[in-house]
Amino acid sequence: MSAQDASSRRPLTPIDRYRGSVNGELDNDAVTHGAARWLDRTLRIVDGGPRPFYRAAVVSLAVTSVLAMGIAVVIRPQGSLPEAQRLMIAVALAGAGLSAILGLASRAGAGRSRPGTRFDRVVAPRDRAAIWLALAVWFPFLLLVVYYRAKATFPPPVRYLYFPYDDKRWETTAYLLGVIAPAILLTAAARVLMIGRGKPPTWRAWLTGTFVGSLC
Amino acid sequence: MAHRNVRWIAVLTPDHLAEEHPAGAADGADDDSHSGARAMLPVVAGLVTALGLAWYFAGPPWYLDKTSTPISRQEEVVLIGLQAVGKGHLPYVGVASVQYGPGTQVAAYWLMRHVTSFSVVGFREAWALLVWAGVSVLFAVFFLAFGYARGLAVSLLSALVYPAQHEVAFQPGGSYDGYFGWASPLRYAGVVALVLLLPAVIERCPAWRGVVAATAIGSFWGLTSYLAQENLAGGAVGAFAVGGLSLFSGSAPWRAVRAALAAVLAGFLVIWTPILAYYACHGQLGEFLRQYLLFPKAVASGANDTPWGGFTHTPSPYGHMFYVLPFLLAGLAVLAVVQVRPLRIATQWPRERALFLVTVLATALLYEGVLLRSDTSHLTGTLLMVPALVVMTATVLPRLLGAERRVAVALAGTALIVGSFLLLPHKAFAPASVRSWAEAPFLDRQRLAALPASAAPETLAGQRVGAGLDDVSLCCQGSPVPISMPEFVQLMQRIHTIVGNRAAYVANFRGEYPGLVYFGADLNPAPVSSDPYSSIETGPELAAFLADFRTRVLPQTQAILTDSLGTPEARYFRQRYPNARRITLHYAGQVYFILLRRN
């Protein structure tokens with residue numbers, strides 16, 4: 001069966017495909033109704049421009065900040081709170097505050113349609129969506145840095161005979177997340193959204209499209 | 001199924017597929033307009049130039065028998081393994097263990113046995129051969145990846161301005177010298193070659209030429225991972241990152257990436273399967289893998305790691321480089337994946353963009369190592385790639401940022417190169433310094449060639465040190481008091497005469513590593529579980545080593561050498577063999593004991 005609706009030449013949505021399945025037009029391995037509904041909803045979000053992804057990034061930042069505070073409080077040596085933990089809590093509080101401000105700003109601007117604004121000409125909406133999506137995925141990885149920084153405040157687990165000891169896992173994690181991860185996440189987010197805008201008929205098709213590339 | 005799922009991709013909006021023309025399209029046109037021979041000409045010229053430059057800066061003759069540098073502690077660390085292999089022990093495990101790569105030990109041993117000589121001088125010559133091979137590979141990769149002009153610029157910058165290749169090199173006004181036993185471009189060449197050449201290989205996959213090239217690169221990566229552990233993790237992360245970025249950017253089809261990565265893995269296994277099988281046949285596979293991963297795991301979890309300049313914060317002229325480079329890399333990595341005017345995430349990357357990104361990626365991967373043990377020596381791995389980063393940034397970034405006019409591109413590129421020098425100490429790019437590094441290989445060779453040849457040493461200990469080094473005024477860098485090499489050789493000869501071919505254990509030696517005594521006196525090392533100075537890191541591991549020494553090793557040990565009878569090994573020996581003969585020698589104003597078991 002063609003993946004396109006012949007009458008309108010528009011791509012089939014998952015719900016269209018599900019309906020086709022009910023009418024006996026598709027194979028038995030067609031997607032289930034629930035999955036199709038979720039896919040349909042996700043694809044509408046993809047089509048909805050950068051705003052949902054901006055909100056996702058704000059929520060991601062808020063959740064990451066809260067979890068970071070939790071990690072800093074829980075993972076620490078006995079005694080008073082070390083300086084590193086206090087600093088992490090302060091930064092996490094700033095992150096939570098920033099996410100609250102951004103969330104309120106988003107809510108205040110909701111409903112206002114601003115097509116063709118100057119900002120759109122600088123960064124196209126679909127690229128803004130990719131950037132926000134990449135950020136939404138990137139923020140939780142920062143918890144690894146928080147975790148390792150908190151672990152670094154513990155004394156060495158064993159006595160090293162000849163070597164100095166300095167637990168720098170948090171530095172290498174922060175470095176990799178800061179230098180290599182953004183390029184990969186930006187590219188991957190753009191790819192995922194681009195494939196999503198092509199209306200993949202199934203989740204699997206979306207995943208396949210993300211990896212298959214340009215059909216060579 | 002895959003085809004059914006991807007059919008719908010054809011309805012994607014065309015502008016996504018035509019943002020930039022991929023390199024492959026341009027290649028087709030090139031192939032049509034150039035004959036195969038003409039296309040090969042720049043490649044051959046590049047390789048010849050690369051090998052010529054590598055020979056001039058790092059190749060023979062080195063005249064190492066005319067170098068008076070004392071034996072360094074770094075050399076002593078590796079000498080015990082070489083001596084143990086020479087006495088028939090399995091390489092890299094047990095008493096032959098070292099914390100560095102197994103392949104380097106085997107290669108150095110083989111070269112010393114068959115090409116140079118089994119002496120300290122011979123080890124330095126073997127090391128010089130490895131350094132020469134590393135420089136040759138690096139220069140060849142630069143020419144292959146970046147083309148002739150940029151490859152030449154990168155190679156010359158590496159050799160003349162940046163310090164990484166000066167670690168072991170012809171020193172201005174001196175001789176071929178440096179950090180033998182530690183500094184070698186081969187420690188990082190696998191990462192550089194794999195990451196820089198992989199995009200071109202993916203471009204040609206899954207055609208057979210691409211697969212063959214990927215297998216060759218994978219084999220080289222496998223070989224260099226055998227030589228040094230640094231190449232393993234960096235190469236693996238780099239290969240997956242390049243593959244993922246090629247896929248997600250739409251620059252390469254899945255089949256090409258899959259074929260390239262599979263071929264790289266196959267090439268890697270071609271090298272590693274026989275190695276692992278060899279150790280499995282000897283029942284030492286677990287011990288081999290434990291030893292191979294011991295140091296990388298410990299370093300990753302904090303052992304041996306320091307802040308920049310160590311805990312004493314020793315000043316370094318490369319502080320700017322250490323602190324600024326990661327932020328530059330972060331910015332460049334993002335700039336590599338976006339387009340400007342308008343700002344958008346780039347897809348369908350042309351070759352230049354892909355090359356720029358992998359250059360940033362390779363530099364970033366090498367930099368990670370210096371984040372752990374942060375000092376100037378460990379920055380040298382990164383500095384092997386920084387010249388490439390500078391040249392690629394200067395030649396690619398202006399266009400990526402939207403510059404179109406040639407003048408603007410040239411001015412921006414020049415500004416970037418000049419700006420990059422801000423990260424270096426001034427003396428590194430001062431004309432006098434550049435000239436001295438350029439002239440050093442020629443002038444050093446000329447001067448050293450005019451010196452009279454050294455006579456062959458007469459004693460075995462003298463031969464172990466090597467012709468020319470056996471009569472220098474200072475023996476060893478770690479000595480608490482200055483000791484001449486003849487004095488040291490005399491002691492080693494005496495020890496050899498006393499101990500002979502007995503299974504011996506050297507507990508310590510006056511500020512030096514025991515490897516110096518094993519090697520200098522040609523001792524037969526007792527079969528300990530590992531070298532305690534190289535492969536024992538923690539208190540519990542030392543306790544386990546001593547327990548094994550007491551129960552398993554002592555019955556097989558016939559002599560103990562120590563500067564104190566209070567060391568645990570000496571006490572165990574005397575408890576087990578109360579009638580052991582004690583011989584007291586004198587060295588550097590102190591006593592040195594040999595305990596001999598009576599039969």
Counting only residues 5 or more places away or on other chains, whose amide H sits under 5 Å from the amide H of B:GLY101 once H atoms are built in the peptide plane?
B:GLN229
From the convex hull of the Cα coordinates of segment A:44-200, what is the mean projected area in square nanometres?
12.1 nm²
Would you work out which of B:PHE240, B:THR273, B:THR312 lies farthest towards the positive end of the dipole of segment B:195-345, given +1 charges on the beta-carbon of Lys and Arg and -1 on that of Asp and Glu, about the Cα centre?
B:PHE240
Cα principal axis extents for segment A:37-101, largest first, Å
52, 24, 12
Compactness check, segment A:143-216: C-alpha Rg relative to the 2.2 N^0.38 Å globular estimate gives 1.79
Identify all lysines with a Cα-Cα distance to B:LYS66 below 30 Å; exclude those on the same chain that are fewer than 8 residues away in sequence.
B:LYS87, B:LYS427
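Among B:LEU596, A:LEU102, which comes first, then next, by fewest other beta-carbon atoms within 10 Å?
Ranked by crowding around the Cβ, least crowded first: A:LEU102, B:LEU596.
Neighbour counts of other C-beta atoms within 10 Å: give me A:ASP120, A:ASP127 arranged from fewest to most.
The fewest-first ordering by Cβ neighbours comes to A:ASP120, A:ASP127.
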What does the C-alpha gyration tensor say about the overall shape of the protein assembly as shown? Classify as rounded when a/c is under 1.5, otherwise prolate if a/b is larger than b/c, or oblate.
prolate
Amide H of B:ARG344: which non-local residues (sequence gap of 5 or more, or other chain) have their own amide H closer than 5 Å, using H built in the peptide plane?
B:GLN339
Over segment B:359-453, consider all pairs of different Cα atoms and compute the Kirkwood hydrodynamic radius from their mean reciprocal separation; express it in Å, one decimal.
16.0 Å
Can you give the mean number of other chain Cβ atoms that lie within 10 Å of the Cβ atoms in peptide B:329-339?
4
Between B:THR538 and residues 5 or more places away or on another chain, which pairs have amide H atoms under 5 Å apart, with H built 1.01 Å from N, and which residues are they?
A:LEU161
What's the average, rounded to a whole number, of partner chain beta-carbon atoms within 10 Å of each residue's beta-carbon in B:367-380?
2
What does the charge add up to near A:GLY103, with Lys and Arg as +1, Asp and Glu as -1, over the other residues with Cβ less than 13 Å from its Cβ?
+3
Answer rounded, prolate or oblate for chain B, using the Cα gyration tensor with square roots of eigenvalues a ≥ b ≥ c: rounded when a/c is under 1.5, else prolate when a/b is larger than b/c, else oblate.
prolate
Ordered by number, the trypsin sites (Lys or Arg not before Pro) in segment B:318-398 that occupy a DSSP loop and have at most 15 other Cβ atoms within 10 Å are none
Here segment B:213-223 yields Karplus 3J(HN,Hα) values (6.51, -1.76, 1.60; θ = phi - 60°; whole Hz; Gly and Pro given as x) of 5, 5, 5, 5, 5, x, 5, 5, 4, x, 5
For segment B:458-596, the Cα convex hull volume per residue in Å³ comes to 105 Å³
What is the average number of partner chain Cβ atoms found within 10 Å of a Cβ in A:52-63?
0
Rounded to the nearest 5, what is the percent of antiparallel bridges among the DSSP beta bridges in the protein assembly as shown?
70 percent
Within straight cross-link reach of A:LYS168, meaning Cα distance under 18 Å, which lysines are found once same-chain residues fewer than 8 apart are removed?
A:LYS151, B:LYS297
From phi via Karplus (6.51, -1.76, 1.60), per-residue ³J(HN,Hα) for segment B:114-120 in Hz, x at Gly/Pro:
10, 10, 9, 8, 7, 8, 4
Through the Karplus equation 6.51 cos²θ - 1.76 cosθ + 1.60, θ set to phi - 60°, convert the phi angles of segment B:392-408 into ³J(HN,Hα) values in whole Hz; use x for Gly and Pro.
5, 5, 5, 9, 10, 4, x, 5, 4, 8, x, 5, 10, 6, 4, 4, 5
Going by C-beta contacts inside 10 Å, put B:TRP208, A:TRP203, A:TRP132, B:TRP349 in order with the fewest on the left.
B:TRP208, A:TRP203, A:TRP132, B:TRP349
For chain B, what is the calculated [θ] at 222 nm in deg cm²/dmol (nearest 500), taking -39500 (n - 2.57) for each run of four or more DSSP H residues and dividing by its residue count?
-20000 deg cm²/dmol
Once both label points are put 7 Å beyond Cα along the C-beta direction, the A:VAL122-A:ASP47 separation in nm becomes 3.0 nm
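Each reported figure results from applying straightforward, stated rules to the coordinates on display, with no laboratory input. Bear in mind that the values here come from a model prediction, so they are computed numbers and not experimental data. Positions of Cβ are backbone-derived with ideal geometry, glycine not excepted, and every protein chain shown enters the neighbour counts.
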